[in-house]
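The values are calculated or read from the model by the stated rules, or taken from the named source; none is laboratory data. All values reported here derive from a predicted model rather than from experimental measurement. So basically every Cβ, Gly included, is an ideal-geometry build from the backbone, and we count neighbours across all protein chains shown.
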Amino acid sequence: MISWPGEVNQIIRSDTTINYGVGIIQDTMDSGKKKTRLKSTSVPDTFPVVMQMKKTEFDIFIAWYKVPLHRGAVTFSFPTIAGTGTSEYRILSVSAAGAGGSNVKVLMTWETA
């Protein structure tokens, strides 16, 4: 597991939300009855994360995301979003608004690993 880059702030904006995900699958049996079962014993929570970064922080973040994190293939440690302590996350997607200015609004989707 990789650490968050020290040169990039860890401030998550208040418009970040939590999606607890659907943990069940419903099948219809040949008899017509519906059968419900767990999708997995551990369904990951997803977080649409919003961060505000300076342009220099954003450049460091993108380099970290592309190389050590392998564009989300590797997990990283970060202060727990919904709770205390540190948790392990995976980044599923990254997009940015205002990347040409001095401040960049970074929109990401994270999931618990």
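Of the residues Gly100, Gly23, the single one that is on the phi < 0 side of the Ramachandran plot and exposed (fewer than 10 other Cβ atoms within 10 Å of the Cβ) is Gly100.
Among the listed residues Val74, Val67, Val104, identify the single one that is farther than 14 Å from Thr16 by Cα, in contact with a Gly (Cβ under 9 Å, 6 or more places away or on another chain) and among the β-branched types (Val, Ile, Thr). Talk me through it step by step, then tell me what you get.
Working: Val74 fails: in contact with a Gly (Cβ under 9 Å, 6 or more places away or on another chain); Val67 fails: in contact with a Gly (Cβ under 9 Å, 6 or more places away or on another chain).
One residue alone meets the criteria, Val104.
Select from the stretch 40-57 the residues that are surrounded by fewer than 16 Cβ atoms within 10 Å (Cβ to Cβ) and of a type in the set (Val, Ile, Thr) and write down the one among them that is farthest from Phe78 (Cα to Cα). In this case the residue turns out to be Thr41.
The single condition from (1) within 14 Å of the chain's Cα centre (by Cα); (2) in contact (Cβ under 8 Å) with a residue 24 or more places away in the chain that Gly101 fails is (1).
What do you reckon, is Thr28 modelled with pLDDT under 85 and either surrounded by fewer than 10 Cβ atoms within 10 Å (Cβ to Cβ) or more than 28 Å from Pro68 (Cα to Cα) (or both)?
Details: modelled with pLDDT under 85: no; either surrounded by fewer than 10 Cβ atoms within 10 Å (Cβ to Cβ) or more than 28 Å from Pro68 (Cα to Cα) (or both): yes.
Criteria not met by Thr28.
Scanning the stretch 62-82 turns up no residue that is at pLDDT below 90 and in contact with a Lys or Arg (Cβ under 9 Å, 6 or more places away or on another chain). Within the span defined as the stretch 52-60, every residue fails to be closer than 20 Å to Thr112 by Cβ and touching a residue at least 24 places away in the same chain (Cβ under 8 Å). Among residues of the stretch 1-22 that are under 19 Å from Thr112 (Cβ atoms), those with a Cβ under 7 angstrom from a residue that is at pLDDT 95 or above and of a type in the set (Gly, Ala, Ser), sequence gap 6+ or separate chain, pair up as Met1/Ser77; Ser3/Ser77; Trp4/Ser77.
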